[in-house]
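As structure tokens, the structure follows; a few thoughts come after it.
The values are calculated or read from the model by the stated rules, or taken from the named source; none is laboratory data. Since we're looking at a predicted model, the values are computed, not measured. Note that each Cβ is placed from the backbone with ideal geometry, even for glycine, and that neighbours are counted across all protein chains shown.
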Amino acid sequence: MTDKTMTPEDVVARLRSGMTLGIGGWGSRRKPMALVRALLRSDVTDLTVVSYGGPDVGLLAAAGKIRRLVTAFVTLDSIPLEPHFRAARQAGAFELSEVDEAMFMWGLQAAANRLPFLPVRAGLGSDVMRVNPELKTVTSPYEDGESFVAMPALRMDAALVHVNRADRLGNGQYLGPDPYFDDLFCEAADSAYVSCEELVADFGTAAPQSLLIKRHAVTGVVATPHGAHFTSCVPDYDRDEAFQKLYATTPWPEFAARFLHGDEKSYQSAVQTWHEENA
């Protein structure tokens, strides 16, 4: 048994420019934002990012860290389209591969199972095939002879995810309503780093189905209380809607100068000060 605890800076020190990086969560829900903010403070760039995108994509796009994005959407949930992603995309700042949500999931499944692709009906008869001309179809070898999209595996060099609880060995527990495929991100990557609201000695009598992430797929564990802010991490906290609106409406240089100028402690302090000023 190995103690896998790390700091956000330890995690980022293991990442390299040019990597394919998966980021768990969904839209503006349970994103590993403390790890993303640590990545912003580094010189790592030229990334291929694989994500059901939210502000993780927006922050990295605004900072010029993305070379290529693979996604099914990029949203802030209560704000339909992530504004910093939109601005970067409209400026042609990175390549985009946009697929159906189910296709994305099967790409993760294929990678987790070390398969080159998996067949899926999603995408057939849609513009997904037109805007992704590299996608191919396969024909069933059985009597039905049905055609499917051959969704390629979304293999990643590293993955970042956030859960409610984790232990030092790398096991992770979610307590909210949805796992958001974080286990697949971990299993589909060569290395996986799990941040958590609370580091626990054991999970007591926790429901087995809530123990989402298994230690065999995890390289490092990072305790980051409030580390998903400003996204939600229920039941620990809801999305910080007021701060998310500020993020979405503030020019990037101004937002970065006030909230991203220092370490994670500085960020959390700046957020608290902003809330006090606007109480």
Review point. Of these, ALA201, ALA189, ALA207, which one is more than 20 Å from TYR267 (Cα to Cα), touching a residue at least 40 places away in the same chain (Cβ under 8 Å) and of a type outside the set (Val, Ile, Thr)?
Key: ALA189
Study note, to complete from the structure: Residue pairs within 6 Å by beta carbon, gap of at least six or interchain, first lying in region 240-265 and small (Gly, Ala, Ser), second part of a helix (DSSP H, G or I), listed first then second, are ALA248/PRO83
Exercise for review: Search region 54-85 for residues being charged (D, E, K, R) and within 27 Å of LEU135 (Cα to Cα), and hand back the single one that is surrounded by the fewest Cβ atoms within 10 Å (Cβ to Cβ).
Suggested key: ARG68
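A quick yes/no check of all residues on (1) in a loop (DSSP other than H, G, I, E, B); (2) hydrophobic (A, V, I, L, M, F, W, C):
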| residue | (1), (2) |
| --- | --- |
| LEU96 | no, yes |
| GLN109 | no, no |
| LEU118 | no, yes |
| ASP144 | yes, no |
| ARG165 | no, no |
| GLY176 | yes, no |
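This table checks each residue for (1) closer than 30 Å to ARG121 by Cβ; (2) in a helix (DSSP H, G or I); (3) under 15 Å from the mean Cα position of the chain (by Cα).
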| site | (1), (2), (3) |
| --- | --- |
| ASP3 | no, no, no |
| ASP10 | no, yes, no |
| LEU21 | yes, no, yes |
| ARG37 | no, yes, yes |
| HIS84 | no, yes, no |
Revision key, fill the gap. Selection from region 10-28 of residues under 19 Å from GLU264 (Cα atoms), surrounded by fewer than 24 Cβ atoms within 10 Å (Cβ to Cβ) and either touching a residue at least 40 places away in the same chain (Cβ under 8 Å) or of a type in the set (Phe, Trp, Tyr) (or both) yields ASP10, ARG14, LEU15
Exercise for review: Tell me, yes or no, whether region 30-40 has at least one residue that is on the phi > 0 side of the Ramachandran plot, buried (at least 24 other Cβ atoms within 10 Å of the Cβ) and at pLDDT 95 or above.
Suggested key: yes
Check your understanding: For region 243-258, does any single residue satisfy the condition of being within 16 Å of the chain's Cα centre (by Cα) and not hydroxyl-bearing (Ser, Thr, Tyr)?
Key -> no
Check your understanding: Does ALA102 qualify as being farther than 17 Å from ALA159 by Cα, in contact with a His (Cβ under 8 Å, 6 or more places away or on another chain), in a helix (DSSP H, G or I) and at pLDDT 95 or above?
Key -> no
Check your understanding: SER51 versus (1) buried (at least 20 other Cβ atoms within 10 Å of the Cβ); (2) within 22 Å of GLN268 (Cβ to Cβ); (3) among the hydroxyl-bearing types (Ser, Thr, Tyr): which is the lone unmet condition?
Key -> (2)
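Would you confirm whether or not region 114-136 contains a residue that is hydrophobic (A, V, I, L, M, F, W, C), within 16 Å of the chain's Cα centre (by Cα) and closer than 19 Å to GLY53 by Cβ?
The answer is no; no qualifying residue exists.
Return yes or no: is ALA88 touching a Phe, Trp or Tyr at 6+ places or on another chain (Cβ under 6 Å) and surrounded by 12 or more Cβ atoms within 10 Å (Cβ to Cβ)?
no
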Check your understanding: Quick check: is even one residue across region 179-192 in a loop (DSSP other than H, G, I, E, B), exposed (fewer than 14 other Cβ atoms within 10 Å of the Cβ) and of a type in the set (Asp, Glu)?
Key -> no
Study note, to complete from the structure: Filter region 122-144 for residues that are β-branched (Val, Ile, Thr) and farther than 16 Å from GLU101 by Cα; the one that is surrounded by the most Cβ atoms within 10 Å (Cβ to Cβ) is VAL138
